[in-house]
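Below: the structure, in structure tokens.
Taken together, the values in this text are just the output of simple stated rules run on the coordinates, not laboratory data. All values derive from a computational prediction rather than experimental measurement. Here the Cβ positions follow ideal geometry from the backbone for every residue, glycine too, while neighbour counts run over all protein chains shown.
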Amino acid sequence: MHRKLAIIIGLIIILFGAIFQFQGMGEIGPESSFMYHNRDWIDYGMAMIIVGAIISTVGAFFLRR
């Protein structure tokens, strides 16, 4: 149970990180958004992708019983 939950949470964090990163680059989202073309959100999104990948990896490989 904990293994699947960690993988799912990690994938959700990766998805949100990708959305934040693309909004920061100005690829998606409304132009009126505070995240649109904002360099900080590219960095935040990349950090979220890395954290999500770590959580998913821990769930996939290290939480085996």
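Tabulated data
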| read-out | value |
| --- | --- |
| ³J(HN,Hα), Karplus 6.51/-1.76/1.60, whole Hz, each residue of the range 16-21, x for Gly, Pro | 5, x, 5, 4, 4, 5 |
| Residues whose placed amide H lies under 5 Å from that of Ser33, excluding near-sequence neighbours | none |
| Exposure proxy order (Cβ contacts within 10 Å, fewest to most) of Arg64, Arg3 | Arg64, Arg3 |
| Fewest-first ranking of Ile42, Ile28, using other Cβ atoms within 10 Å as the exposure measure | Ile28, Ile42 |
| Folded to 0 to 90 degrees: helix 39-57 orientation relative to the chain principal axis, Cα | 10 degrees |
| The chain: relative contact order as a whole-number percent, Cα under 8 Å and 6+ apart | 48 percent |
| Only Lys, Arg (+1) and Asp, Glu (-1) charged, at Cβ; the chain dipole about Cα centre in debye | 620 debye |
| ³J(HN,Hα), Karplus 6.51/-1.76/1.60, whole Hz, each residue of the range 30-35, x for Gly, Pro | x, 5, 7, 6, 5, 8 |
| Residue order, fewest to most surrounding Cβ atoms within 10 angstrom, among Met48, Met1, Met25 | Met1, Met25, Met48 |
| Kirkwood Rh and Cα Rg combined as Rg over Rh, evaluated for the chain | 1.15 |
